[in-house]
Amino acid sequence: MPQSHDTDVRMRGFSDRVTVEHALAWLDAELEARIGSDAKVRSEEVALDRAAGRVLAEDHVAGLNVPGFARAMMDGFAVRASDIQGASAYNRLQLVEVGVSMPGRGFAGQTGPGQAVRIMTGAPLPEGVDAVLPAELVDWGVDGNSPCAIGEVSVGKHISQPGEDIARGQTVFSSGRLLRPQDIGVLSSLGVAKVQVLCLPRVRIVITGNELLAAGTPPAGYQITDANGPMLAALVARDGGLARNPGIVPDQREAIRKALADEAEIILISGGSSVGEEDHAPGLVLEMGKLPIHGIAMRPSSPTGIGTIGHKLIFLLPGNPVSCLCAYDFYAARAIRALGGMGREFPYRKVRMPLRRKLVSVVGRVDYARVELVDGQVEPLAISGASMLSTTTRADGFVIVPGNSEGWPAAAEVDVFLYDAEIIGS
C-alpha cells in the first residue's frame with residue numbers, strides 16, 4: 001500500500017514510487033467518503049435554462065400527462081371510423097363538415113353520425129369522433145365544397161392519446177442523469193421551471209513558478225508564458241467543475257500556504273510538486289494536512305502527489321505541461337467528475353486499432369503514449385518529452401501501457417483514447 005511521506009524530499013529524490021493502482025485505490029476511498037453523504041446536501045436548484053450539462057440530484061416524476069389531451073397527428077378530418085368503412089376511390093362516402101379544430105383552439109360542438117371536423121396537426125380531438133382521416137384520403141367532389149372519404153381508417157388512427165408520450169406518475173429521469181438538451185425539452189413540456197442538480201465542485205487552480213509570465217503575455221528573456229493555467233481551467237470546465245484561477249503564485253512558502261487555505265473542495269497545484277529546492281508545496285501539504293501519495297510509477301507525471309487538507313483534496317501536478325495534463329486526467333479529473341456526479345473514467349471515446357510499429361515501455365511503470373491515427377493504424381508519437389505540449393495537439397489520442405507490460409509489437413491491437421471525439425481513425 002502507499003506509504004506516508006512525512007519527510008522533506010527536496011533535493012533528495014523519491015525513496016519509493018507507488019503504483020498507479022494504489023494511487024487510484026486511495027483516491028477512490030477518499031471520494032467514497034465524500035460522496036457517501038446525502039446528495040441533497042451537495043445540490044442546488046437552478047433554472048431550467050441553466051440545467052443542461054448538470055447532473056440531477058433527485059428523481060423527476062411527471063406530475064401530468066404529455067400530451068394532456070387527445071390530439072391529431074395529421075392534417076385532415078376528425079371522423080367516426082365506422083362512418084367511412086368501405087370508402088374508396090370507387091366508393092366515395094360524403095361527409096358533412098361541421099367545424100374546424102386548430103392547435104390551441106378546439107371545436108366546441110358535438111359531432112353526430114356522418115359529420116366531420118376539419119382538423120390540423122396538434123389540434124385537440126373533438127367530442128364524438130375516434131379517428132383522423134388524412135387530407136390525402138379526402139376528395140372534394142365536383143363543386144369543391146363537399147368532402148368525400150375515398151379511404152378508410154381504423155379507430156384511434158392518427159391520434160395521439162393523453163399520456164402517450166409521458167404518463168402522469170412516470171419517473172421521467174432518475175437521479176444521477178447528466179441532462180442533455182433534449183432532456184431540457186422534455187422537462188419544459190412538463191411545465192418544469194427549476195430542477196435540483198448536484199453542485200459543481202469548486203476547484204482552485206494554483207500555478208507556481210517564478211519563471212512564469214501571465215497567460216497571454218509573450219515570452220521574454222528566460223521567462224516562459226503560463227500554459228498550464230488556461231489548460232487546467234478548460235479541463236475543469238470540461239469535467240463539470242467550477243474553476244478559479246486568480247493568477248500565478250510566487251514560489252514562496254507563505255504565498256503557497258495562503259493559496260492552500262482556499263475554501264475550494266479541490267485544489268490543483270501545478271509546479272513546485274517535485275524534489276527541487278523551490279518545490280515548497282509538498283512540505284506545506286504535510287504541515288497543513290496529509291500527503292500519502294507523492295511519487296507514482298508512471299511516465300510522464302511521476303512527481304504527482306495527492307493528499308488532503310481537512311475536507312479538501314489536494315493534487316500536486318507537475319509543471320511540465322504534458323505531465324500536468326496526464327496527471328490531471330488520471331487523478332484530478334476523476335475526483336472532479338465523481339464529486340459532480342459524472343463517471344470517473346477518462347472522458348474520451350475509446351477505439352481499438354492495430355499498432356503501425358512497436359511501442360516500447362518498461363515493466364513496473366505505466367506509460368502514457370501520445371499517438372496519431374494513420375490509415376487505420378496507431379502511430380506512436382512520444383512517451384517522453386513532458387515539456388512539449390504540442391505533441392498532444394499533433395496527437396489524435398493516447399495509449400496507456402500498463403505497468404506489467406514491456407509494450408507491444410507492430411500490428412498488436414491497442415485501446416486508443418481519442419482527444420477529439422470526432423476522429424474516427426478510418
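Put +1 on the Cβ of each Lys and Arg and -1 on the Cβ of each Asp and Glu in the chain; which of Ala338, Pro126, Val98 then has its Cα farthest toward the positive end of the dipole? Checked the options; the winner is Ala338. Restricting the calculation to Cα atoms, every distinct pair contributes to the Kirkwood radius of segment 185-320, found to be 16.1 Å. Here's how it looks for Gly397: its modeled amide H is under 5 Å from those of Val371, Tyr419, which are all 5 or more places away or on a different chain.
Shown in residue order for segment 208-222 are the 3J(HN,Hα) couplings computed by the Karplus curve 6.51 cos²θ - 1.76 cosθ + 1.60 at θ = phi - 60°: 10, x, 5, 7, 8, 10, 4, 3, x, 9, x, x, 8, x, 9 Hz (x for Gly and Pro).
Given C-alpha coordinates of the chain, what is the ratio Rg to Rh with the Kirkwood estimate of Rh?
Values: Rg = 31.7 Å, Rh = 26.1 Å.
Here the Rg-to-Rh quotient is 1.21.
Only Cα pairs under 8 Å and at least 6 apart count here; give the relative contact order of segment 71-160 as a rounded whole percent. Relative CO of segment 71-160 lands at 42 percent. Backbone geometry of segment 393-400 corresponds, through the Karplus equation with coefficients 6.51, -1.76 and 1.60 at θ = phi - 60°, to 3J(HN,Hα) couplings of 7, 6, 6, 8, x, 9, 10, 9 Hz, x marking Gly and Pro. Think of the chain as a dipole: +1 on every Lys or Arg Cβ, -1 on every Asp or Glu Cβ, centred on the Cα centre; then among Ala78, Pro147, Leu317, Leu317 lies furthest on the positive end. Helical runs (DSSP H, four residues minimum) scored at -39500 (n - 2.57) apiece and divided by the length of the chain put the mean residue ellipticity at 222 nm at -4500 deg cm²/dmol. Positive contributions from Lys and Arg (+1) and negative ones from Asp and Glu (-1), summed over other residues with Cβ under 11 Å from the Cβ of Gly76, come out at 0. For the options Ser301, Ser174, Ser270, a Gaussian network treatment of the chain with springs between C-alpha atoms closer than 10 Å singles out Ser174 as fluctuating the most.
Note down the magnitude of the dipole of segment 14-115 about its Cα centre, charges +1 on Lys and Arg C-beta and -1 on Asp and Glu C-beta and zero elsewhere, to the nearest 20 debye.
720 debye
On average over all directions, what projected area in square nanometres does segment 71-160 have, based on the convex hull of its Cα atoms? Working shown, then result.
Values: hull surface 19.7 nm².
It is 4.9 nm².
A Cα-only calculation for segment 144-193 places Rg and Dmax at 18.5, 58 Å. If you average 1/r over every pair of different alpha-carbon atoms in segment 303-356 and take one over that average, what Kirkwood value in Å do you get? Mean inverse Cα-Cα distance, inverted, gives 12.7 Å. Over the chain, Cα pairs under 8 Å with separation of 6+ residues give a relative contact order of 16 percent.
Based on alpha-carbon atoms only, what is the radius of gyration of segment 349-418 relative to the globular estimate 2.2 N^0.38 Å?
Working: Rg = 11.1 Å, N = 70, 2.2 N^0.38 = 11.1 Å.
Here the Cα radius of gyration is 1.01 times the empirical estimate.
Charges at C-beta only: +1 for Lys and Arg, -1 for Asp and Glu. How large is the resulting dipole of the chain about its Cα centre, in Debye rounded to 20? Kindly include the intermediate steps, with their values, before the conclusion.
On the way: 40 positive and 49 negative charges, 85 e Å.
Around 400 debye, computed over the chain.
Per the Cα gyration tensor, segment 316-387 maps to an equivalent ellipsoid with semi-axes of 25, 17, 11 Å, ordered largest to smallest. If only the Cβ of Lys and Arg carry +1 and only the Cβ of Asp and Glu carry -1, the dipole of segment 71-160 around its Cα centre is close to 200 debye. Against the compact-protein benchmark of 2.2 N^0.38 Å, the Cα-based radius of gyration of segment 137-225 scales to 2.53.
Scalar couplings 3J(HN,Hα) for segment 327-340, obtained by applying the Karplus form with A = 6.51, B = -1.76, C = 1.60 to θ = phi - 60°, are 5, 4, 4, 5, 10, 5, 4, 4, 6, 4, 5, 5, 5, x Hz; x denotes Gly and Pro.
Where a number appears in this text, it was derived from the coordinates with a stated rule and is not lab data. In this text the structure is predicted, and so the values were computed from the model without any measurement. Positions of Cβ are backbone-derived with ideal geometry, glycine not excepted, and every protein chain shown enters the neighbour counts.
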